[in-house]
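> Sharing a structure with you now.
The values are calculated or read from the model by the stated rules, or taken from the named source; none is laboratory data. Every value quoted in this text rests on a predicted model; they were computed, and no experiment measured them. FYI the Cβ positions are ideal-geometry reconstructions off the backbone, even for glycines, and counts take in every protein chain you see. Accessible surface areas use protein heavy atoms only, side chains included; no ligands, DNA or RNA. Shrake-Rupley method; radii C 1.70, N 1.55, O 1.52, S 1.80 Å.
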Amino acid sequence: MFKVKGVFERYAQHVRKHPKAIIAVWVVALLVALPFAAQVGDVLNYDMTSMGGLDSESSEGQELVDQYFDSSLNTDTVLVIPYEDVSQLSEIKQKLIGSGVLSDSLEDRFGSDISYNIMGAFSHEGSSGGAYMIAVAFGGDLSAMDEVGNLREAVADAMDSAGLSERTYVTGSVPIAYDTLEGANADIAKIDPLSILIILVLLGLFFYTLVTALVPPMVVGTAYGVVLALTFALGQVFDIFYITKTIVLVSMLGAGCDYFIFIIARYREERNYNGKSKDEALTEAIKWAGESVFTSGLAVIIGFAVMSLCSFSLVSSMAVVLAIGIVLAMLAALTLIPAILALVGDRIFWPRKMDDYTGQSRMRGGFYGRAVGVSRRYFGWAGKFSVKHAKAIVAVAILLTVPLGCVALTSEDSFDMISVMPDSEAKEGVDAITSNTDGGYMMPTYILMEADQPLVEISDLGNGIHTLTWTDAGMRYVSAIQAGLVGSSLVGGSPGAIQEADDNIGTVLGPTPWTYLYSTAEGMVSAQTYQQLFDASFEQAKAMGMTDEMAKAAAEQYAAAHLSEYVTPSVVNHAILEQAGLPEMVTGPLGQFFDTYHAWDKAPSDILAPTMPVTVASLIDYQVNVGAGLISYKADSPEGNGRFVQIMLIVKDEPMSKASMDSIGSARDVMASFVGENPWVQGSWVVGTAAVLYDISDVVNSEFNWIELGVMVLIYILLLFVLGVYFTPIRSLVTIMMSVLWTLGTLHLVFVNALGLEVIWIVPIVLFVICLGLGMDYDILLTTRIREGKLKGLSNDEAIENALSWSGSIITLCGLVMGGTFLTLLASGSSMLQELGFALGFAILVDSLIVVPYVVPALMHLMGDWSWKGPRFLAKRRGESVSDKS
């Protein structure tokens, strides 16, 4: 271990000798960084579920889907049109779709690089209204993210041309990301000026000059520009979540201003109260405040470094960028600010002079002097009060910690990222879907299974025409899937095990042979027709004077003899499309098939046409099962063709809600039982947005415990070597954790109980790491000032009171600056950023205004000289003796 003070003293000499070179290096770095910093928005990710890094079931399954499935329902971009009744729905279909108005509008805007598929009209059971949904896909060189705004304009033009006034919504994962980006840009436009205004006002009042207040934002702005350039570079390597840009700015503004205040206030103190020269004052400021800045900055960096080990790239990449931000803020504070001081000296307080801060000046006799006097008396009183009533203060702190800690530790966090979006068209579109039908239609969940052999044989006839033939094993496997998982609710039968296990599953769609649908529908139609023929014949026989027994026999004979005349392939085919309950995304293409090939009167085994000697069933089976992504097929991955099966699950609730998350666990439980009973299943995976979130929650919840432990252990080691004592680092960690528990408990009470919102999972993680680092600033500043008093011969209690008298106002100012900058996030349109802003701002304010001025002095009084017990070798290497080292 090195002598920390000696290092900073030598460093101060270098700063005094080369201030212009230091400033020049920063200016050059900023000029080089600016072109890259301007492009940082291009590398940010706005869809949490698309971020990688997870070695999980959902990510493994999605890789298999991408590798072996060429077709599936793409709901990344969906047009939603709510309707009130059937007549309004018919008008929408006729005027917008049937007339070709929508097609023309999209073609005029995007040419041939866009396509759409009718998903259909969906509604809750028994409701006359619903939501008509159309899936839109971009191709060619078009980026779906870049074209969302143009798509909305094209839809609006189409609605005007069609003479329709219904409200439309373009939503889905891509529009959600687009609206999130727009909201983030709007937030930054509000948050940045508010943060800077708070800094200018508070620093201007503290130093009583605007020039001094302007320096920290300029210094932090220089460092932030370099951070953005580095973020742009890192964005080429891994995903970076969009809120990182906002959080790192606010963190750097808060931390950077704190570091500035530590150094500049100590410089002024040495010049003003101790009468030292400019060079001597700068050396003392760097020696004592520099250690506090370095230690607190290193504590934050340690926290983010441990956080970066998380498997989920959203957390790890955010931690890396935040660590870089604090590193640059700390470097700017330790290099650029001292260099400016060395260059301009007391002129940094212009138009004030150093004499203005003395007791004889006119300024000290006015408002500024009275404010300084009140501050000094208050913190002098606070120090004496904390020492005198130490036990009572600690008891009150414990009484607050127990209930708020219980709330914090027993409350559940949410992974519903849609609920925390800023209000936007995409979010309103999600609400329109969930209020009119099952929310899962926008983001379906899939069960993926791998069989021990192909279920089908697929032939490519050319011109985009394919046939699918079920193998004997495939028919057995599909029958097992229907009986054990899917059920037959779509065709009037009973639900399968998946729906029976979970009320939140609204629709289940699995691979289905056309012959199965046809035979099931034929049975239903036959039963209905037979009954109709029987009833009509029975009434006619009775009218002819037959007895009931004779009329019944005659009716049965008539119905049986004429049934085949009415139950024709055309009737059955229409019944499947109109009465079987199949979604329109299936029935629509089937209807086009029957119309195109004039195949309404064809049974499954019939040959389609002499020029195309294939069965109707083989063509339809390919269109339904491969086209809907239920059976795997990809020309460039033939080894997987027909071996993978997907079952589509449509949840009733919003797709990222807790109920939908719970549905993932339920589906996996059902699959575990099914796989155990069916050895032909080689593997199974549950994939989709909700599945990704479910796995993220598992990873984050399990790894967060290790992150907490790792951060605390490493920060303890850091403080042990910096302070050279055993127990003060433990006390520091305990008081910081107390602030975190108070904050989390209050956060849940305010946002969950009072506002009816949900606390997002990432808030506690960011709160813990930032508070353990940035919140340590004030503890370290006070502790090092107390130690300084001890080294100068004061008793423990005298050192506590003296340190708080001198540092209390600086700690309060720093807390107000940092807490205020975090609270500016409340101006965001995103409740996630609002929660982060409230939590971080509340924690910093509680720590700086209550914990450090009262609880820390009380605990250090009760600990007495135990606060300074430490290993002898550290005391010798530091060249100091606070108390008897053990």
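> If A158 satisfies all but one of (1) in a helix (DSSP H, G or I); (2) under 29 Å from the mean Cα position of the chain (by Cα); (3) farther than 30 Å from L31 by Cα, what's the number of the condition it fails?
(2)
> Output yes when any residue across region 827-837 is more than 13 Å from V766 (Cβ to Cβ), touching a residue at least 12 places away in the same chain (Cβ under 8 Å), open to solvent by 10 Å² or more (accessible area, probe 1.4 Å) and not polar (S, T, N, Q), and no when none is.
Among the residues of region 827-837, at least one is more than 13 Å from V766 (Cβ to Cβ), touching a residue at least 12 places away in the same chain (Cβ under 8 Å), open to solvent by 10 Å² or more (accessible area, probe 1.4 Å) and not polar (S, T, N, Q), which makes the answer yes.
> Tell me which of these I631 doesn't satisfy, since it passes every other one: (1) of a type outside the set (D, E, K, R); (2) open to solvent by 10 Å² or more (accessible area, probe 1.4 Å); (3) in contact (Cβ under 8 Å) with a residue 40 or more places away in the chain.
(2)
> Filter region 231-248 for residues that are of a type in the set (A, V, I, L, M) and crowded, with 20+ Cβ neighbours inside 10 Å; which is nearest to the chain's Cα centre (by Cα)?
Only one residue fits best here, namely I243.
> Mind listing whichever residues of region 560-584 are among the aliphatic types (A, V, I, L, M) and modelled with pLDDT of 90 or more?
A560, A561, L563, V567, V571, V572
This table checks each residue for (1) within 30 Å of G627 (Cβ to Cβ); (2) open to solvent by 20 Å² or more (accessible area, probe 1.4 Å); (3) out of contact with any strand residue (DSSP E or B) (no Cβ under 8 Å at 6 or more places or on another chain); (4) at pLDDT below 95.
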{"position": "K384", "(1), (2), (3), (4)": "no, yes, yes, yes"}
{"position": "A392", "(1), (2), (3), (4)": "no, yes, yes, no"}
{"position": "A395", "(1), (2), (3), (4)": "no, yes, yes, no"}
{"position": "A408", "(1), (2), (3), (4)": "no, no, yes, yes"}
{"position": "D413", "(1), (2), (3), (4)": "no, yes, no, yes"}
{"position": "A426", "(1), (2), (3), (4)": "yes, no, no, yes"}
{"position": "D438", "(1), (2), (3), (4)": "yes, yes, no, yes"}
{"position": "L448", "(1), (2), (3), (4)": "yes, no, no, no"}
{"position": "D460", "(1), (2), (3), (4)": "yes, yes, no, yes"}
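> OK, next. Give the residue, chosen from F110, F138, that is out of contact with any strand residue (DSSP E or B) (no Cβ under 6 Å at 6 or more places or on another chain) and of a type in the set (F, W, Y).
Exactly one of F110, F138 is out of contact with any strand residue (DSSP E or B) (no Cβ under 6 Å at 6 or more places or on another chain) and of a type in the set (F, W, Y), namely F110.
> Regarding S795, is this residue free of Cβ contacts under 8 Å to residues at least 60 places away in the same chain and among the polar types (S, T, N, Q)?
yes
> Now for a different question. Does D662 count as under 30 Å from A432 (Cβ atoms), under 27 Å from the mean Cα position of the chain (by Cα) and of a type in the set (D, E, K, R)?
Here the answer is yes, as D662 does meet what is asked.
> A further question on this structure: Name, by its number, the condition in (1) in a helix (DSSP H, G or I); (2) crowded, with 20+ Cβ neighbours inside 10 Å; (3) within 24 Å of the chain's Cα centre (by Cα) that does not hold for C310.
Only one criterion is unmet by C310, namely (1).
> Please find, within region 324-355, the residue that is most open to solvent (accessible area, probe 1.4 Å) out of those that are more than 30 Å from V306 (Cβ to Cβ), touching a Ser or Thr at 6+ places or on another chain (Cβ under 9 Å) and assigned to a helix (DSSP H, G or I).
So the residue we want is D355.
> Determine, yes or no, whether I23 is in a helix (DSSP H, G or I) and at pLDDT 80 or above.
Spelling it out, I23 is indeed in a helix (DSSP H, G or I) and at pLDDT 80 or above.
> I'd like to verify a number: residues in region 500-535 that are acidic (D, E), free of Cβ contacts under 8 Å to residues at least 40 places away in the same chain and under 28 Å from Y558 (Cα atoms), how many?
The qualifying residues number 1.
> Let me ask something else about it. Would region 199-219 turn up any residue that is open to solvent by 20 Å² or more (accessible area, probe 1.4 Å), farther than 25 Å from V372 by Cβ and of a type in the set (V, I, T)?
No: region 199-219 contains no residue that is open to solvent by 20 Å² or more (accessible area, probe 1.4 Å), farther than 25 Å from V372 by Cβ and of a type in the set (V, I, T).
> Can you report the number of residues in region 705-733 which are open to solvent by 50 Å² or more (accessible area, probe 1.4 Å), out of contact with any helix residue (DSSP H, G or I) (no Cβ under 6 Å at 6 or more places or on another chain), over 14 Å from V769 (Cα atoms) and in a helix (DSSP H, G or I)?
3
Residue-by-condition table, conditions (1) open to solvent by less than 10 Å² (accessible area, probe 1.4 Å); (2) at positive phi; (3) assigned to a helix (DSSP H, G or I); (4) not aliphatic (A, V, I, L, M):
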position: E654; (1), (2), (3), (4): no, no, no, yes
position: D662; (1), (2), (3), (4): no, no, yes, yes
position: R668; (1), (2), (3), (4): no, no, yes, yes
position: G676; (1), (2), (3), (4): no, no, yes, yes
position: P679; (1), (2), (3), (4): no, no, no, yes
position: W685; (1), (2), (3), (4): no, no, no, yes
position: A691; (1), (2), (3), (4): yes, no, yes, no
position: S697; (1), (2), (3), (4): no, no, yes, yes
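> Moving on to the next point. Just one of S251, S296, S292 is in contact with an Asp or Glu (Cβ under 6 Å, 6 or more places away or on another chain) and open to solvent by less than 10 Å² (accessible area, probe 1.4 Å); which is it?
S296
> Still on this structure, please answer the following. Can you tell me which residue among A281, A305 is crowded, with 20+ Cβ neighbours inside 10 Å, in a helix (DSSP H, G or I) and either at pLDDT 90 or above or among the hydrophobic types (A, V, I, L, M, F, W, C) (or both)?
One residue alone meets the criteria, A281.
> Name the single residue that is farthest from the chain's Cα centre (by Cα) among those in region 585-611 being open to solvent by less than 50 Å² (accessible area, probe 1.4 Å) and of a type in the set (A, V, I, L, M).
The residue in question is A609.
> Run down L96, L44, L102 and say which single residue is within 28 Å of the chain's Cα centre (by Cα), open to solvent by less than 30 Å² (accessible area, probe 1.4 Å) and over 24 Å from D636 (Cβ atoms).
Going through L96, L44, L102 in turn, just one is within 28 Å of the chain's Cα centre (by Cα), open to solvent by less than 30 Å² (accessible area, probe 1.4 Å) and over 24 Å from D636 (Cβ atoms): L44.
> As an exercise: evaluate I81 against (1) at pLDDT 85 or above; (2) within 28 Å of L314 (Cα to Cα); (3) of a type in the set (V, I, T) and give the number of the one condition it does not meet.
Going through the list (1) at pLDDT 85 or above; (2) within 28 Å of L314 (Cα to Cα); (3) of a type in the set (V, I, T), I81 breaks only (2).
> Sticking with this structure for a sec: I need the full set of residues from region 161-176 which are part of a helix (DSSP H, G or I) and open to solvent by less than 10 Å² (accessible area, probe 1.4 Å), in order please.
Hit for region 161-176 is P175, nothing else.
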